[in-house]
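The structure appears below as structure tokens.
The values are calculated or read from the model by the stated rules, or taken from the named source; none is laboratory data. Here the structure is a predicted model, which means the values were calculated and not measured. Here the Cβ is made from the backbone with ideal geometry for all residues, glycine too, and neighbour counts use every protein chain on show.
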Amino acid sequence: MKPRAFRYHRPTCRAEALQMLAAEDEDARVLAGGQSLVPLMNLRFAAPSALVDINRCDDLAGIRETDGWLTIGAAVRQRDAELSPLVRRRCPLVAEALRLNGHPATRHRGTVGGTLAHADPGAELPGVAVALGAEMVVDGPAGERVVPAADFFLGALTTCLAPGEMLVAVRFPAVPSGAGWALVETGVRAHDLAIAGVAVQTTAGTHGRTTRIAAFGIAAAPLRLPALERLVTDLPRDARPAGDAVREAVDADIAGADLLENLQASAAYRRTVTAALAARALDRALAGARAGL
Amino acid sequence: MPEDRIAVRISVNGVPCEREVPPRLLLVDFLRHELRMTGTHVGCAHGVCGACTVMIDGRTARSCLTFAVQADGCEIRTVEGLAPEEGLDPVQQAFHEHHALQCGYCTPGFLMATHQLLSETPDPSEEEIRTALAGNLCRCTGYVNIVRAVQAAAARLAGDAHGR
């Protein structure tokens, strides 16, 4: 058999799952869709001592909207969230990220919480979470805490989750009316993990424009692009940012970042392509925002 | 250390199967080694190639990324469950007629992914076909004949639906 032997627990609710996780040693892992964890186990890059399988915890599998936030349970299947009319209407950027995340056969099993907690640098949803300022709901032995997405992702396959803790839900702010958004990425084949990607959401409100942008796939964790956000926010109405200005802003934003360098792409390529993807994403988002007014 | 064994009840192509399995047994190995149903192939065993695609409760999934214990209580459909008693089902027939396979190793996965696509999108564009099958790798055909076969299967199923 391919994976190493492990102890298997199958709780039927969140409280029971947390109890079982807390009772295990620190090499125990949560098993949700398994679309990222099981490949690592089959290759024996990961060898958890125990798995707590949350697939039967129905109280982790709901989607609901309250007070302008959309809360998606950690065990919601990616395909279900992608096709959910509520998610499409209230968080279109989340639905788009999921559409681009893997293939139907992996999205049927893979979960929203799984792709976030796995924290692969090339995954789309962590980038969207950081761009939109999502809130990660974490529960564990010390009780529930809410972590801003920007503080959740610490590095490649590394989050702030402590042993015994579990991501139980993620909250995304609902899209403001008239907002434009876009997610543009490049990878080796369609729907693979991204070599580089940019997520944008921009709104022209009565108090001026609000823009949130993050890049993913280029560093160990998603990066907010504040200089580029300022450039867009300061644009006159109906104006488009100049290509040179976008490139300069992106360069400034990622100047201090340790860009990934691997077989798929060099750091220099990632720098260049991020600016190009950002320009494309901004074009689409701004066009969408104008159309939405 | 003796391994735990867990009782599972899994319906495969409508036939209920009960076994006691170690938690680390993958669904694809359950099908192949426990049930001796070797139609589902193991390609990469880490979710990249799609050769092991089956349906779990009516939706495609990688059987190399699912433990058999997770399929407890589920309905599994494999390539063995596609054809009627005699002959081939319309998707298999189209793959055969359009020479959409050479070595055939990847074919079970392509057939399952094609069924998924056509159940949701009965008249897919070429781009929709290529996107839906992007998670399945074929090292022989170059995909052109696979796309043609899916188009032909879609047309045949649409014709059947109209009683022709």
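Based on what the data block shows, is B:Ser11 of a type in the set (S, T, N, Q) and more than 20 Å from A:Pro3 (Cβ to Cβ)? Taking the combined requirement at face value, the residue satisfies it. In the set (1) at negative phi; (2) of a type outside the set (Asp, Glu); (3) touching a helix residue (DSSP H, G or I) at 6+ places or on another chain (Cβ under 9 Å), the condition left unmet by B:Tyr143 is number (1).
If only residues of the stretch A:224-243 that are of a type in the set (A, V, I, L, M) and in a helix (DSSP H, G or I) are counted, the one that is nearest to A:Ala196 (Cα to Cα) is A:Leu228. Is it true that some residue in the stretch A:20-37 is surrounded by fewer than 17 Cβ atoms within 10 Å (Cβ to Cβ) and either under 16 Å from A:Ala117 (Cβ atoms) or within 13 Å of another protein chain (Cβ to nearest Cβ) (or both)? Yes, the stretch A:20-37 contains at least one residue that is surrounded by fewer than 17 Cβ atoms within 10 Å (Cβ to Cβ) and either under 16 Å from A:Ala117 (Cβ atoms) or within 13 Å of another protein chain (Cβ to nearest Cβ) (or both).
Exactly one residue out of A:Val147, A:Val128 is of a type in the set (Val, Ile, Thr) and either modelled with pLDDT under 95 or farther than 19 Å from A:Asp80 by Cα (or both), and it is A:Val147. Comparison of B:Ala51, B:Ala100, B:Ala61, B:Ala71 shows that the only residue that is farther than 24 Å from A:Gln78 by Cα and not hydroxyl-bearing (Ser, Thr, Tyr) is B:Ala100. Using the structure shown, decide if B:His99 is at positive phi and either modelled with pLDDT of 95 or more or within 14 Å of chain A (Cβ to nearest Cβ) (or both). The answer is yes for B:His99. Determine, yes or no, whether A:Leu70 is assigned to a helix (DSSP H, G or I) and either buried (at least 20 other Cβ atoms within 10 Å of the Cβ) or at pLDDT below 95 (or both). So A:Leu70 fails the test. When every residue of the stretch A:45-62 is checked against the conditions, none turns out to be at the interface with chain B (Cβ under 10 Å from one of its Cβ atoms), under 20 Å from A:His108 (Cβ atoms), without any contact (Cβ under 8 Å) to a residue 12 or more places away in the chain and out of contact with any strand residue (DSSP E or B) (no Cβ under 6 Å at 6 or more places or on another chain).
Residue count for the stretch A:109-154, restricted to those that are under 21 Å from A:Asp59 (Cβ atoms) and either assigned to a loop (DSSP other than H, G, I, E, B) or hydroxyl-bearing (Ser, Thr, Tyr) (or both): 10. Applying the condition of being in contact with a Leu (Cβ under 6 Å, 6 or more places away or on another chain) and of a type in the set (Gly, Ala, Ser) to the stretch B:38-82 and asking which residue is nearest to the other protein chains (Cβ to nearest Cβ) yields B:Gly47.
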